[in-house]
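Derivation of every value follows stated rules applied to the coordinates shown; laboratory data play no part. Every value quoted in this text rests on a predicted model; they were computed, and no experiment measured them. So basically every Cβ, Gly included, is an ideal-geometry build from the backbone, and we count neighbours across all protein chains shown.
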Amino acid sequence: MPKGIALTLGLNAVDPKHYGGWTGDLNACEADAEDLAEIATAQGFQVKTLLTKAATRTRVIKEITAAARSLKAGDIFMLTYSGHGGQLPDENNDENDGQDETWCLFDGELVDDELYKLWSKFAAGVRVLVLSDSCHSGSVTKQAYYRAALTAAGAGASSTTRKIKYRFMPPDAALRTYRKNRAFYDAILKQKDAKPADVKATILLLSGCMDNQLSSDGDFNGLFTANLLRVWNDSKFKKGYRAFHQAIIKRMPPEQTPNFFVVGAANAAYEAQTPFTV
């Protein structure tokens, strides 16, 4: 019988000691992690949830590595992240836009290059599902800011328009963080990538937005997660992952387009499964 392991991450803040004084305050990321953990539990996954201070680089890498060691062909690992997306300079020339995408964990950024190497630890035939409700998340599993949204967020809103909080690391905070911790990040950024052939599992990413867009926070959930929950509709959704993705897109505004991204081995049967199937 297949085995499912889920790790759900939600960060409503980061440690200003690492991030150059930036606290990264958000509202609904912990709620996202808890709601997705409820889905995973109901679907038969073994679930761990790490919220804000508990979601450190060391702990997250440890949990992903442990899952890779535990799972075999036919099993599934579900990893969800809600929090700020960041970017760092691409030092090994593997990104078309010259920047690596990151997840802002509590005590430091986790680089997409690091995630890609972690995928190479999973056995052939393992299914990996990644949900990333963060900015610049379109290919964070491996792979510009949305200027109109950024301008609106920075300029404030009129008395009749609600100001939107976005899950992005401001450029000044990104620069301070990188320069303050340059030796640490350069050691990661200059490493050679894992080769595509090294990833034998199948990784499906459903992201909150494209790499050049921003993901909205919310009062109760992030915009992407809120619409994902509505489409899932307490397990009433019965089509495959691509249909799931398209149904979420239909509920989203044009400036925030969830992405569907595949890394590793092709697995049409996996893509055709009802989401969250163990």
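Simple point charges give the picture: +1 on the Cβ of Lys and Arg, -1 on the Cβ of Asp and Glu, and for the chain a dipole about the Cα centre of about 520 debye.
Scoring 224-231, 76-83 by mean Cβ neighbours within 10 Å over their residues and listing the highest first yields 76-83, 224-231.
Of the peptides 63-69, 27-33, the order by per-residue mean of other Cβ atoms within 10 Å, starting with the highest, comes out as 27-33, 63-69. For region 203-255, the convex hull drawn through the C-alpha positions has a volume of 91 cubic angstrom per residue. Ordering Thr257, Thr225, Ala66 by the projection of their Cα atoms onto the charge dipole of the chain, which places +1 on the Cβ of Lys and Arg and -1 on the Cβ of Asp and Glu, puts Ala66 at the extreme positive end. Modelled label positions at Phe184 and Ala73, each set 7 Å beyond Cα in the direction of Cβ, lie 4.1 nm from each other. Region 50-88 and region 192-266 have their alpha-carbon centroids 17 Å apart. Name the shape class, rounded, prolate or oblate, that the alpha-carbon gyration tensor gives for region 153-278, where a ≥ b ≥ c are the square roots of its eigenvalues, rounded holds for a/c under 1.5, and otherwise prolate holds if a/b is larger than b/c and oblate otherwise. In terms of gyration-tensor shape, oblate. What shape does region 7-58 have by the C-alpha gyration tensor, where a ≥ b ≥ c are the square roots of the eigenvalues, rounded means a/c under 1.5, and otherwise prolate means a/b greater than b/c and oblate the rest? In terms of gyration-tensor shape, oblate. Under a 5 Å amide H cut-off, with hydrogens placed 1.01 Å from N, Tyr166 pairs with Asp217 among residues at least 5 apart or on other chains.
Specify whether the C-alpha gyration tensor of region 1-137 places it in the rounded, prolate or oblate class, a ≥ b ≥ c being the square roots of the eigenvalues: rounded for a/c under 1.5, otherwise prolate if a/b is larger than b/c and oblate if not. In terms of gyration-tensor shape, oblate. Averaged over residues, the count of other Cβ atoms within 10 Å places the peptides 172-185, 36-49, 208-221 in the sequence 208-221, 36-49, 172-185, highest first.
Couplings 3J(HN,Hα) for region 108-122, derived from phi with the Karplus relation 6.51 cos²θ - 1.76 cosθ + 1.60 (θ = phi - 60°), are x, 7, 9, 7, 4, 4, 5, 4, 4, 5, 5, 4, 5, 7, 7 Hz, where x marks Gly and Pro. Each label was represented as a point 7 Å from its Cα along the Cα-to-Cβ direction; for Lys250 and Lys200 these points are 4.0 nm apart.
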